[in-house]
Every structure is written in C-alpha cells, then in structure tokens.
Amino acid sequence: MGRRHIRAYKELQDAGAATARIVGVCDLRRDAAELAAKETEELTGWRPLVFSDPVEAVNLPDIGALDVTTDPATHHVVAIPALELGKHALVEKPLGVTVRACRAMVDAADRSGAILATAENYRRDPANRLAKGVIDAGLLGEPFLMIHNIIGGDDRIRITPWRHRKESGAIGLDLAAHFADIVQYYLGPFDQVYGQGLIVEPIRRRRDLPDSFPDEVEATGEDSLVAMWRMRSGALVQFVCIDGGRGNRPNRERDFQRCVLGREGSLHAPIDRSGSTVVLRRNERETRGPDILPLISSGFRLNEITERLFGRDIVEYDLPNESIDAKLLAIEIHDFAEAIMSGREPEVDGRLGMSAVAAILGSYESGLAGRSLTMDEIVSSEVDAYQAGIDEKLGLR
Ligand SMILES: NC(=O)c1ccc[n+]([C@@H]2O[C@H](COP(=O)([O-])OP(=O)(O)OC[C@H]3O[C@@H](n4cnc5c(N)ncnc54)[C@H](O)[C@@H]3O)[C@@H](O)[C@H]2O)c1
C-alpha cells in the first residue's frame, strides 16, 4: 500500500497540486524501504531518506507528518510516537486493530494537538460524492434503510497471510472498514449494532500467489460479517460482507448492492472505483449519473482537487485501475495536507476511523454477547470480549 501511496504523491505533483513531499521512507524490512525510495525517486524526481526504524524517522526535524501504510496491528505502534511529538499522521484504514488501539491514537493526537486522519479512499470516489449529494439534497426524503451487501469469495489467501489472523486485523475488518465508512458518510453516526462475525473459510490456500507465501494459512480471524445497524438518525442498515464460499458468479465476480431507501425515492450506488453509474429512482422514473446533477437544486460540485484530477462534474469515468487508485489516494493525501496547513479537521479524522472499526468489531462483540450493543458500549470498550485477547497481546489492556 505504501507503494500505491507513492503513486498518489506523483499524481498530485503532475496535477500541480503537490502539497506534501516524501522526505523519507521507512520499513522494518530495509529492502522494502530501499525499493520505495527508488520508486519515489523515479516517479517524483526526489530521493527520500531511507529508514528501517520508524522512531529514528519520526525524530528527524524535517519530517512534519507520517503517512502510515503498515499492517493494521502496527498502526498505533508507528503513529503514537509521532503524534506525541506533535507530528501529524495519516493512517491507513482500518485505523487500528481494536477499538483500544484506535482510542490510543485519538488520545495521543488530542494531547499534542497533532492532526490524526484516517486514509479512507472509497468515499472520495465521485460516485460516492454524488450519492451523498443526492441524500443531502433530500431527493430521497428521510432515509429509513440502507442495504449494503458484498458477497463472494473463495479460499485464496487474500493478498497477505496477516489478513487471516485475528490479532493482525483479518480481512473481515480490513475490507468491511471501507464500507462501514461509506455507511457513516452517507447516513451519519452509528447508534446501535447487532450482528455476528464469521470465518467462512477456515483454511486459506496459496493457489496462484508467489512461492514466498505459505501453502496454507489457518484462519483465526473473521473473513465475514452479517449485521444490522441503527444509525443515530433512526435509519437502519442491513450490512453483509462475505469474503468466502464458492457461490460466486462466473469470473469470481462478487454480488454487490449499495442502496439507500427513503419515502420519496431510492438511490443505487455502484461498487467503488468502478466509474459506474449512480441511479436515482423516484416516482417510477429512473435518472442516471450526470442526469441527476440538475435535480440537486442547491447545486452539486466536486471539491477543487477532485475536479482537478477527474474533471468538472465527472461522476462516471472509464480509466485504468491504477489511475483511479492513484487519484483517490491523492485526494485523501491532499485533504490531510490541507488540514495541516489550514488547521482545519481532515475529512476523515481519527474519531471517524475509530467509529468504522467500532461498527465492525462491535458486530463481532454483539455476536458473542448475544444482544445488540450501543456504540457507547463499544467505543468505551465496556464490551470487549472479542478484542480483549488482542489488546492484551498488544499491551493495550
Ligand atoms: N485503502 C485501500 O484501498 C487499501 C488497500 C490495501 C491495503 N490497505 C491498507 O494498507 C495497510 C498495509 O497493507 P499492505 O497490504 O500494504 O500490508 P503489507 O503487509 O504488504 O505491508 C506492510 C509493510 O509494513 C511494514 N511494517 C510493519 N511494521 C512496521 C513498523 N513498525 N515500521 C515500519 N514498517 C513496518 C512491513 O515490513 C511491510 O513491508 C493496511 O492497513 C491495509 O488495510 C488499504
């Protein structure tokens, strides 16, 4: 992911919007850090310093902020020493591996006044900006239900073995954190959580991944969850995220559904980073993509950096995956840098990163507790049976 972030800095540079420069790169694995430095130089023309100890990097006066792209169980370990020194941190999703890990980062930022942002790229997609515009303009009336399903998978190891281990932030959390953020982006804060985590695939296999991967990984962490959430607005959310089983459509395509229902209409959003069409249905009439824009009476504009990267009023696109990825990451990095320079909050701050994690892990906690839980119970760690062992191992409890 760090290498994908480097391409985003290059994207900002090419767009004449470079507000941050990669001064140093750090990885515990020196070879990975060297590779990142080489790629940074090739792409941006600037060779960064190379570190294999994040504390050493953080202490360098030239470094004002950290862009943390390590695996989730290490986010707080890397970010907190920086935040304590008053250095700002943009931390990849899921913000932390447990609610306590998230809370420790939020508290460190509060103490020093440094900015903590969560790197959430999906909501920056123009389709999600349009969907949010439709909801905020009242075109659906008051939303009463959101259905968010992503269903499909297989028994392959998902990118890295850590994505199947409970203590390192398994794929259920890793994937669903994006979608929980979309839910809170569309509908506002979570209020109550009911659900259950599942391990659909107990053994993950290497299949076509590189030989350096183990042949098999025994899954100890959830790859899936089924939940019902109630938002503070009163809206209900049916949320299903399944990353296993063999019931896929041909070409391993997942079933995806993201829709919001209000009494006046319904909104149907495409899967993130696809460039596909947002559909609005009202009074038996269907309006699609850019045709929705004139219906937003208060007007609809993407923000300046999104317009610069995608174009004015572009709410559908047909671009290579690498380019889409770099643009969306560039928007989140630009927001973080602007927040630092102007002293405003970043769009997705530490608390929003924490609430997305709390919605997912709270669903697992609810399954163990056998009842619905309030967000307060989850965010305060009053209910933490699922997370307690992880927190103990990480020294957070
Ligand atoms: N937003 C997205 O679309 C998206 C996509 C993929 C991954 N991610 C997120 O990015 C993060 C990284 O995922 P990944 O797949 O690149 O993981 P990875 O395991 O491939 O890479 C993590 C790297 O961090 C290094 N590292 C670990 N601890 C460190 C420490 N204390 N100091 C310095 N380096 C350390 C490791 O050596 C490794 O090179 C995760 O939080 C993941 O959820 C986000």
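The values are calculated or read from the model by the stated rules, or taken from the named source; none is laboratory data. Nothing here was measured: the structure is a model prediction, and the numbers come from that model. Neighbour counts run over all protein chains shown; Cβ positions are idealised from the backbone, glycine included.
In table form, for the structure just shown:
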quantity	calculated
The range 42-63, subset within 23 Å of Glu332 (Cβ to Cβ) and surrounded by fewer than 16 Cβ atoms within 10 Å (Cβ to Cβ), residue farthest from the ligand (Cβ to nearest atom)	Gly45
Subset tally (residues that are closer than 16 Å to Gly244 by Cβ and not in a helix (DSSP H, G or I)) for the range 166-193	1
Subset of the range 286-331 [modelled with pLDDT of 95 or more and of a type in the set (Ser, Thr, Tyr)]	Thr287, Thr306, Tyr317, Ser323
Failed item in (1) within 12 Å of the ligand (Cβ to nearest atom); (2) assigned to a helix (DSSP H, G or I), with Leu130 passing the rest	(1)
Residues of the range 283-295 classified as over 21 Å from Leu319 (Cα atoms) and either surrounded by fewer than 17 Cβ atoms within 10 Å (Cβ to Cβ) or touching a Cys at 6+ places or on another chain (Cβ under 9 Å) (or both), total	7
Number of positions in the range 290-330 that are within 30 Å of Gly141 (Cα to Cα), in contact with a Phe, Trp or Tyr (Cβ under 9 Å, 6 or more places away or on another chain) and either within 16 Å of the ligand (Cβ to nearest atom) or of a type in the set (Asp, Glu) (or both)	2
Selection within the range 150-170 - over 19 Å from the mean Cα position of the chain (by Cα) and closer than 13 Å to Arg206 by Cα	Asp154, Asp155, Arg156, Ile157, Pro161
Matching entry among Arg21, Arg100 (being away from the ligand (no atom under 14 Å from the Cβ), touching a residue at least 12 places away in the same chain (Cβ under 8 Å) and not in a loop (DSSP other than H, G, I, E, B))	Arg100
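Residue-wise test of (1) surrounded by fewer than 18 Cβ atoms within 10 Å (Cβ to Cβ); (2) within 16 Å of the ligand (Cβ to nearest atom); (3) under 26 Å from Pro250 (Cα atoms).
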{"residue": "Asp107", "(1), (2), (3)": "yes, no, no"}
{"residue": "Ile115", "(1), (2), (3)": "no, no, no"}
{"residue": "Met146", "(1), (2), (3)": "no, no, no"}
{"residue": "Ile157", "(1), (2), (3)": "no, yes, yes"}
{"residue": "Lys166", "(1), (2), (3)": "no, yes, no"}
